[in-house]
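Engineer: Handing you this structure, nothing more for now.
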2 protein chains.
Amino acid sequence: MQVLIIGGGGFLGRRLARELLANGGLYQGELRHMILLDKSFPESKTNDDRVEYIEADFNNEAVIRNALRHRPELIFHLAAIVSGEAEKNFDLGMRINFHGTLQLLEQCRALHHHPRIVFASSCAVFGGDVSKTIHDETGPKPRSSYGTQKAMVELLMNDYSRRGFVDARSLRLPTIAIRPGKPNAATSSFVSAIIREPLAGQRATYPVPLKTEVWIQSPKRVVQNFIHAANLEERLLGDDRMINLPGLTTTIEALIRALEKIADPGITRLIVHEPDAFLEGIVLTWPPRFHTERANTLGFVRDNSAEEVIKSYIVEEGITMGSTK
Amino acid sequence: MQVLIIGGGGFLGRRLARELLANGGLYQGELRHMILLDKSFPESKTNDDRVEYIEADFNNEAVIRNALRHRPELIFHLAAIVSGEAEKNFDLGMRINFHGTLQLLEQCRALHHHPRIVFASSCAVFGGDVSKTIHDETGPKPRSSYGTQKAMVELLMNDYSRRGFVDARSLRLPTIAIRPGKPNAATSSFVSAIIREPLAGQRATYPVPLKTEVWIQSPKRVVQNFIHAANLEERLLGDDRMINLPGLTTTIEALIRALEKIADPGITRLIVHEPDAFLEGIVLTWPPRFHTERANTLGFVRDNSAEEVIKSYIVEEGITMGSTK
C-alpha cells in the first residue's frame, strides 16, 4: 500500500514513519511506498528504498498534487503551525492549519478513491470553563487560533467523510510529553522541557503554577494511537470522526516529583517557576480532565503515570543519567 | 449609526429592516443609514431615504468592500445557501456559506473598527443522537454540509471576536415557522408549508412521520432576538459568542391539531404524509430538544405554543380565512 505522512519531518512524523517501516502493522496490507512531506528534514534520511522525501511547504497546490500522485490509500496529516506561533501570526496559522488542509481535502476528493486520513487534531479545541470534565459530546470552545483552526478542520473531516469523499478520523491529541530535542513554539513546550532539560543537566522553567493540571500522552502512545486509528474499520466510526484520545491527568508538581524519584533528588534545583502571561493565557484554557469513553471502547491507549511517561522517554531516547538511583 | 443587512432581500432580512426602520430600538443610537445587500429583492423597495440597496452576489470581494464603505457599526449577516441546496451543491454551499463569510470577516478585520456582527447560524449544527437534549456545552456534530459550514463560521466568529477584530454573536436559529410565501429549498420548508398552504386552500405534504418533533421559532420572535443580540453588551458574552436560541419543541401532529382548532377542522384533509428519504435523512438528524439556559439568562425570547405560532403568522401576514371558528 501507499502511505503519505504530511509533517513527516517532524518529531512525531519521523517516529511514526520509523515504526511503520520497521514493524508495519497496517491491516490494509504491506507498505510498498511511503512519501514523507515536510518543509525540512532535520534528521538524516533513511536509505530504505520504500521512502521518498518531498521537501516543500505543505500549503501549495502543486506540492499536494505531487504528494498524492500515487493515490495513497492512507494519509497521516500531522503538519501544523504550532499553538504559540499560530497565536502570534494569525494569517500564517490560517494559511497552513486551515487553508492548506482544505486544499488537501479538495485534492483527495478529486482523486475519487476515498483515501483514509488520520488527522492530528488537538485538545486545544477545548477551552473556557476548564474546571469541568470534557466528555465525548462536549463542544469545542477554543481560546486560541490554533484550536479554532483545528476545530474547523475536524468539521471538514467529518463532512468530507459523511459525503464519501474521504475516510477521515481526527484524533484530539493531549499535550505530548516528553518531547525530545529542543523547545519549540508550542505553548505546551515547557511540559517536556522541565523533564528533558534537567536530565541533560540544563535549567528549565515553567510558566504556570505548580498545581496546574495537564492532560498528557507520551510519544510512544501517540504513535500507537495513530496506527490504531489507521486500522479502525470505518463502520465503527459512523458519521462522527472526532475522537478525544485517552491521556493522563497529572500536574507540573507530580511530573517534578516523579523525576526526583527516577533521577537525583537534587535535580529539581534546575526547575524554576518563571511566570509568563502569554503562555498562561493559553495553557490555562486547556481542560486537563476528560472522560474518553468512546476512545476507550475503540481501543485507543493511554499512559498510566507520570513516572511511566518519564521512563518511556528515558528508554526510547536512550538517555543516560549521570546520577540515578 | 450605520447598519448593514447581508441577506436583506430575504424573508427575515426584510422583516428585520422594516422593524429597524419603523421602531429603531438599537441602543447604539439612531439609525442614519442602512444598506441592504442581497442577490435580488423580490419585494417592492422602500422609498425611505435612509435605505440603500446593493443587488449583487454576497461572495465577491468588491461587493463586500462596497457594502462596508461607510464602516457600519452593526452588521446582520443572514445570507446563506439553505440546507437542501447546500447538501445538493457542495461547492456552492462552501463558496457562499463559508468562504463568503470568511471574506466578510477579513474585510471587517481590515476596517480596524471592531464592528458588531449578528450572525444567523442554525441548530442544524447539531446532529447525531437526537434523542438527547442539547445543552449549551453540547458540541456541534452536523449531519449536513449546511450545518458544517455554519459551525465553521461560528468558530471563526468566536476567534475573530476573541482577537478583537470584530464583536460577533452567532445565533443558532431553530426552524423558522411559519414562513410566508413559497416553499424554499430549506429541508425544513414543509414545517411552514403544512400550515401556510392549507390556510390558502392549498394542499401540503410533510415528508417525516407525524410524531416527529421539531424545534421552531416564529419570524416575529426571531426578529426580536436579532435586535436583542445587537443590543447585548460585549462583556456579557466573553469569549463565547455561540448562542442556542430558545425555541419551542412541538410535533408535526401538534401543529396540525393547533391549525384545526384555529381554522376549520376539515382543513387537515389538505395535509398529506408523503415520505421523502432525502428530506428525512437531514431533518431527522436535527435534535428537537434544547435546554437554553444561557439564552434565557441573556434575555432572548421564545414562542409558547403551536397555537401562538400559527396565530402570530395569521396576524402578522394579515391572512384572511374562508372558514374559521
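The values are calculated or read from the model by the stated rules, or taken from the named source; none is laboratory data. Note that the structure is a prediction, hence the values are computed from the model and not measured. Neighbour counts are summed over all protein chains in view; Cβ atoms, including those assigned to glycine, are modelled from backbone coordinates with ideal geometry.
Engineer: Test A:ARG169 against the stated conditions and say whether it is outside any helix (DSSP H, G or I), under 27 Å from A:LEU236 (Cβ atoms) and basic (Lys, Arg). Before the answer, list the steps.
Structural biologist: Details: outside any helix (DSSP H, G or I): yes; under 27 Å from A:LEU236 (Cβ atoms): yes; basic (Lys, Arg): yes.
For A:ARG169, the condition - outside any helix (DSSP H, G or I), under 27 Å from A:LEU236 (Cβ atoms) and basic (Lys, Arg) - is met.
Engineer: Hey, another quick one. Which of the numbered conditions does B:LEU236 fail, given that it passes all the others? Conditions: (1) more than 24 Å from B:ASP136 (Cα to Cα); (2) over 22 Å from the mean Cα position of the chain (by Cα); (3) at pLDDT 95 or above.
Structural biologist: (1)
Engineer: Residue check, B:THR285 against (1) in a loop (DSSP other than H, G, I, E, B); (2) more than 20 Å from B:VAL208 (Cβ to Cβ), all met but one. Which one?
Structural biologist: (2)
Engineer: Within the set of pairs 6 or more residues apart or between chains, which connect a residue that is of a type in the set (Ser, Thr, Tyr) inside region A:290-310 to a residue that is at pLDDT 95 or above with Cβ atoms less than 6 Å apart?
Structural biologist: Final answer for the pair search is A:THR292/A:ASN244; A:THR292/A:PRO246.
Engineer: Tally the residues that are facing another protein chain (nearest Cβ under 10 Å) and out of contact with any strand residue (DSSP E or B) (no Cβ under 8 Å at 6 or more places or on another chain), restricting the search to region A:114-130.
Structural biologist: Within region A:114-130, the subset facing another protein chain (nearest Cβ under 10 Å) is A:125-129.
Next cut, out of contact with any strand residue (DSSP E or B) (no Cβ under 8 Å at 6 or more places or on another chain) only: A:127-129.
Selection size over region A:114-130: 3.
Engineer: Take B:LEU104 and tell me if it is surrounded by 24 or more Cβ atoms within 10 Å (Cβ to Cβ), without any contact (Cβ under 8 Å) to a residue 40 or more places away in the chain and of a type outside the set (S, T, N, Q).
Structural biologist: Here the answer is no, as B:LEU104 does not meet what is asked.
Engineer: Among residues belonging to region A:176-231 that are of a type in the set (Lys, Arg) and more than 13 Å from the chain's Cα centre (by Cα), point out the one that is surrounded by the most Cβ atoms within 10 Å (Cβ to Cβ). So that I can check it myself, show each step before the final result.
Structural biologist: From region A:176-231, those of a type in the set (Lys, Arg) are A:179, A:182, A:196, A:203, A:211, A:220-221; that's our starting set.
When the remaining residues are screened for being more than 13 Å from the chain's Cα centre (by Cα), the result is A:182, A:196, A:203, A:211.
Details: A:LYS182: 10, A:ARG196: 23, A:ARG203: 11, A:LYS211: 9.
It comes out as A:ARG196.
Engineer: Same structure, new question: Restricting region A:286-307 to residues that are within 18 Å of the chain's Cα centre (by Cα) and β-branched (Val, Ile, Thr), which is surrounded by the fewest Cβ atoms within 10 Å (Cβ to Cβ)?
Structural biologist: Looking at residues that are within 18 Å of the chain's Cα centre (by Cα) and β-branched (Val, Ile, Thr), I get A:VAL301.
Engineer: Tally up the residues in region B:159-192 that are more than 29 Å from B:GLU316 (Cα to Cα) and touching a residue at least 60 places away in the same chain (Cβ under 8 Å), please. Can you show your working first?
Structural biologist: First, pick out the residues of region B:159-192 that are more than 29 Å from B:GLU316 (Cα to Cα): B:159-168.
Going one step further and asking which of them are touching a residue at least 60 places away in the same chain (Cβ under 8 Å), we end up with B:161-162, B:165-168.
So the count comes out to 6.
Engineer: Among the residues of region A:290-310, count how many are closer than 17 Å to A:LEU171 by Cβ and of a type in the set (Asp, Glu). Can you show your working first?
Structural biologist: Initially, region A:290-310 is screened for residues closer than 17 Å to A:LEU171 by Cβ, giving A:290-303.
If we keep only those that are of a type in the set (Asp, Glu) as well, we get A:293, A:303.
Qualifying residue count, region A:290-310: 2.
Engineer: Out of everything in region B:86-134 that is in contact with a helix residue (DSSP H, G or I) (Cβ under 9 Å, 6 or more places away or on another chain) and among the β-branched types (Val, Ile, Thr), what residue ends up being farthest from B:ILE6 (Cα to Cα)?
Structural biologist: Taking the candidates together, the pick is B:ILE134.
Engineer: Of all residues in region A:42-81, which are closer than 22 Å to A:GLY24 by Cβ and charged (D, E, K, R)?
Structural biologist: Answer for region A:42-81, where residues must be closer than 22 Å to A:GLY24 by Cβ and charged (D, E, K, R): A:GLU43, A:LYS45, A:ASP48, A:ASP49, A:ARG50, A:GLU52, A:ARG71, A:GLU73.
Engineer: Also, quick follow-up: Within region B:65-84, identify whether any single residue is within 13 Å of another protein chain (Cβ to nearest Cβ) and basic (Lys, Arg), and answer yes or no.
Structural biologist: No, that holds for no residue.
Engineer: Same structure, new question: Is it the case that B:PRO219 is of a type outside the set (A, V, I, L, M, F, W, C) and more than 30 Å from B:GLY299 (Cβ to Cβ)? It would help to see each step written out before you state the result.
Structural biologist: On the way: of a type outside the set (A, V, I, L, M, F, W, C): yes; more than 30 Å from B:GLY299 (Cβ to Cβ): no.
So B:PRO219 does not fit the description; no.
Engineer: Tally up the residues in region B:249-265 that are of a type outside the set (Asp, Glu), farther than 30 Å from B:HIS135 by Cα and either surrounded by 20 or more Cβ atoms within 10 Å (Cβ to Cβ) or touching a residue at least 24 places away in the same chain (Cβ under 8 Å) (or both), please. Can you show your working first?
Structural biologist: Taking region B:249-265 as the starting set, the residues that turn out to be of a type outside the set (Asp, Glu) are B:249-252, B:254-259, B:261-263, B:265.
When the remaining residues are screened for being farther than 30 Å from B:HIS135 by Cα, the result is B:259, B:261-263, B:265.
After this cut, where a residue has to be either surrounded by 20 or more Cβ atoms within 10 Å (Cβ to Cβ) or touching a residue at least 24 places away in the same chain (Cβ under 8 Å) (or both) as well, the list is B:259, B:261-263.
Adding up the residues that qualify gives 4.
Engineer: Okay, moving on. Of all residues in region B:308-323, how many are over 18 Å from B:PRO180 (Cβ atoms) and buried (at least 17 other Cβ atoms within 10 Å of the Cβ)?
Structural biologist: Summing the residues that are over 18 Å from B:PRO180 (Cβ atoms) and buried (at least 17 other Cβ atoms within 10 Å of the Cβ) in region B:308-323 gives 0.
Engineer: Identify the residue in region B:53-90 that is more than 20 Å from B:PHE226 (Cβ to Cβ) and of a type in the set (Gly, Ala, Ser) and, among all such residues, is surrounded by the fewest Cβ atoms within 10 Å (Cβ to Cβ).
Structural biologist: B:ALA62
Engineer: Can you tell me which of B:LEU255, B:LEU232, B:LEU237 is within 14 Å of another protein chain (Cβ to nearest Cβ) and out of contact with any Ser or Thr (no Cβ under 7 Å at 6 or more places or on another chain)? Spell out how you get there, then give the answer.
Structural biologist: On the way: B:LEU255 fails: within 14 Å of another protein chain (Cβ to nearest Cβ); B:LEU232 fails: within 14 Å of another protein chain (Cβ to nearest Cβ).
Checking each option against the conditions leaves just B:LEU237.
Engineer: Taking region A:18-52 as the search range and keeping residues that are in contact (Cβ under 8 Å) with a residue 40 or more places away in the chain and surrounded by 14 or more Cβ atoms within 10 Å (Cβ to Cβ), which one is farthest from A:PRO180 (Cα to Cα)?
Structural biologist: A:LEU26
Engineer: Then there's this: For region B:132-141: of the residues being in contact (Cβ under 8 Å) with a residue 40 or more places away in the chain and part of a loop (DSSP other than H, G, I, E, B), which is surrounded by the most Cβ atoms within 10 Å (Cβ to Cβ)? Break it down into steps so the answer makes sense when it comes.
Structural biologist: Step one: of region B:132-141, the residues in contact (Cβ under 8 Å) with a residue 40 or more places away in the chain are B:132-136.
Going one step further and asking which of them are part of a loop (DSSP other than H, G, I, E, B), we end up with B:132-133, B:135-136.
Numbers: B:LYS132: 12, B:THR133: 12, B:HIS135: 15, B:ASP136: 17.
Applying the filter and picking the extreme gives B:ASP136.
Engineer: Do you know which of the residues in region A:131-159 that are among the hydroxyl-bearing types (Ser, Thr, Tyr) and closer than 20 Å to A:LEU298 by Cβ is nearest to the other protein chains (Cβ to nearest Cβ)?
Structural biologist: Our first condition is that a residue be among the hydroxyl-bearing types (Ser, Thr, Tyr); within region A:131-159, this holds for A:131, A:133, A:138, A:144-146, A:148.
Those left that are additionally closer than 20 Å to A:LEU298 by Cβ: A:133, A:138.
Details: A:THR133: 11, A:THR138: 6 Å.
Per the criteria, the residue is A:THR138.
Engineer: State the number of residues belonging to region B:76-128 that are among the aromatic types (Phe, Trp, Tyr) and either in contact with a His (Cβ under 7 Å, 6 or more places away or on another chain) or not in a helix (DSSP H, G or I) (or both). I'd like the intermediate steps shown before the answer.
Structural biologist: Step one: list which residues in region B:76-128 are among the aromatic types (Phe, Trp, Tyr), which gives B:76, B:90, B:98, B:119, B:126.
Pick out the ones that are also either in contact with a His (Cβ under 7 Å, 6 or more places away or on another chain) or not in a helix (DSSP H, G or I) (or both) and you get B:76, B:119, B:126.
Selection size over region B:76-128: 3.
Engineer: Go through the residues of region A:162-171 one by one and say whether even a single one is crowded, with 23+ Cβ neighbours inside 10 Å, more than 7 Å from every other protein chain (Cβ to nearest Cβ) and of a type in the set (Ser, Thr, Tyr).
Structural biologist: Within region A:162-171, one or more residues are crowded, with 23+ Cβ neighbours inside 10 Å, more than 7 Å from every other protein chain (Cβ to nearest Cβ) and of a type in the set (Ser, Thr, Tyr).
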